[in-house]
Structures are given as structure tokens and as C-alpha cells.
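Let me begin by presenting the structure, written as C-alpha cells, before commenting on it.
Laboratory data are not the source of any read-out in this text; all were calculated from the coordinates shown. No experiment lies behind these values; they were computed from the predicted model shown. So basically every Cβ, Gly included, is an ideal-geometry build from the backbone, and we count neighbours across all protein chains shown.
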Amino acid sequence: MSVTPEQIRHIAKLARIAMSEEELEQLVPELNNILGWIEQLGEVDTEGVEPLTAVIDQKLRLRDDAVTDGGCRDELLANAPVAEHGFFAVPKVIE
């Protein structure tokens with residue numbers, strides 16, 4: 001597969017990118033080279049290869065999923081300007 005200058009001109013027009021003829025002529029071989037690499041990648045046999053999210057095999061460090069209350073409510077509420085019934089008290093904003 002290869003692209004022609006007319007196709008690139010059309011794509012540039014759709015993308016509203018102004019390109020001179022010199023830029024257009026430089027872009028044609030570059031895009032054809034990229035498409036050649038893509039065609040080469042399509043020929044690679046990937047049968048039985050698991051998809052990767054990263055090249056390096058990484059394991060997540062997990063902690064126990066234990067529910068706790070933190071055990072420091074009184075210490076946190078000591079910093080509050082106003083606390084009521086074990087919660088932060090805030091002024092009413094809806095009338």
C-alpha cells in the first residue's frame with residue numbers, strides 16, 4: 001500500500017493543515033516508509049502470543065483488603081473548628 005500526493009493533499013485539506021508542495025513531496029516517501037513498516041508488522045506470526053500491557057513483567061504489590069475505621073477519629077476531630085456527634089460540622093449552604 002502506498003499513498004499518492006493527491007491523497008496527502010486531500011487528508012491535509014480535511015485536517016485543515018496548510019502544506020506547501022515541497023512539504024508534500026517530502027511527506028510522500030515518509031508516509032510510504034511508515035506504511036511499509038506497518039505491512040511488515042502484519043506479516044509477523046503472533047499466534048499464541050499473549051497481549052502485553054508493558055514489556056517488563058510487573059507484579060502489583062497488594063495489601064490485605066481489611067476494613068478498618070482508622071482508629072483515630074478523635075485525633076482527626078481535634079483539628080476541626082466544630083465537631084458534632086463524631087463528625088465535622090459545616091455551615092448550612094442550602095436554604
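Of all the C-alpha pairs in the chain, what % are more than 22 Å from each other?
Details: 3074 of 4465 pairs.
Tail of the P(r) past 22 Å holds 69 percent of the pairs.
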Original post:
Using modelled backbone amide H atoms (1.01 Å from N, in-plane), which distant-in-sequence or interchain residues come within less than 5 Å of Val3's amide H?
Top reply: Asn32
Subject >> Karplus-derived HN-Hα couplings along region 67-80 (A = 6.51, B = -1.76, C = 1.60, θ = phi - 60°), whole Hz, x at Gly and Pro >> reply: 7, 9, 8, x, x, 9, 4, 5, 5, 5, 5, 5, 7, 6
Subject >> Sorted by Cβ density within 10 Å, fewest first, the residues Lys59, Lys13 >> reply: Lys59, Lys13
Original post:
Taking the Cα centre of each part, how many Å lie between region 77-95 and region 1-40?
Top reply: 63
Original post:
To the nearest 500 deg cm²/dmol, what mean residue ellipticity at 222 nm is calculated for the chain from DSSP H runs of n ≥ 4 alone, each contributing -39,500 (n - 2.57), summed and divided by the residues?
Top reply: -12500 deg cm²/dmol
Subject >> Folded to 0 to 90 degrees: helix 5-15 orientation relative to the chain principal axis, Cα >> reply: 30
**OP:** Could you pull out every residue, at least 5 positions away or on a different chain, whose amide H is within less than 5 Å of the one on Ala83? Hs are placed 1.01 Å off N in the peptide plane, and Pro or chain starts have none.
**Re:** Ala89
Original post:
Looking at the square roots a ≥ b ≥ c of the eigenvalues of the Cα gyration tensor of region 37-84, which shape do they give, rounded for a/c under 1.5, prolate if a/b is larger than b/c, or oblate?
Top reply: prolate
Original post:
Got a sec to turn the phi values of region 30-41 into Karplus ³J(HN,Hα) couplings, 6.51 cos²θ - 1.76 cosθ + 1.60 with θ = phi - 60°, whole Hz, x for Gly and Pro?
Top reply: 5, 5, 5, 5, 5, 5, x, 5, 5, 5, 5, 5
